[in-house]
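Notes follow the structure.
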Amino acid sequence: MKYQSLEQIELEADVHPGVGMSRRERLERWAELLEQQSERCLSTIEGTEFGDRREREAKRADNSPLAVAFEDPVLRAEGLRGDRVGDAVEFFDLSHDEVHRLVCYCHHGQTVVPGIIATRVRMMARQDEPATLSPVGMAIGGLSAVAALGLMFLAF
């Protein structure tokens, strides 16, 4: 095996140095890829909630939101192994239920606009962010969560 510097390798291959992407970065990347697909509708995956775990994990469809992710060389280099439900569950650290809501036929019909899925993926990515209190939230800090939500809605 011949030694080559990183600069030499970069001339011949896509090099992505670093320790890897966080869950949030992977999801944000997927959302960006979906947004780039604005000219086409994507296929949904039928019956992602049916069957035993192994059958659910094996489900896939051509031209699905999961296929868009798998087409990306960056996500594949990060470890995305395929465009099946189980691959998405593992790689994006999502539950089966979350993937079901994102890509299943029963939620969207036969096709789905990529921007809809991108928005939902981005929301999932931001679930990891620490919650911050708005000025209204700080002012009502002593109230119950239900009362605080009611007052916040009244404030807007």
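Read-outs throughout are calculated quantities, based only on the coordinates presented, and are distinct from any laboratory measurement. Everything numeric here is computed off the predicted structure, so don't read it as measured data. We place every Cβ from the backbone using ideal geometry, glycine too, and count neighbours over all the protein chains shown.
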Could you list the chymotrypsin sites (Phe, Trp or Tyr not before Pro) in region 33-122 that lie in coil according to DSSP, counting only those with at most 12 other Cβ atoms within 10 Å of their Cβ? Phe50
Between Arg40 and Arg126, what is the FRET efficiency for a Förster distance of 41 Å, r being their Cβ-Cβ separation, to the nearest 0.05? 0.95
Only counting other Cβ atoms within 10 Å, I'd like His100, His107 sorted with the fewest neighbours first. His107, His100
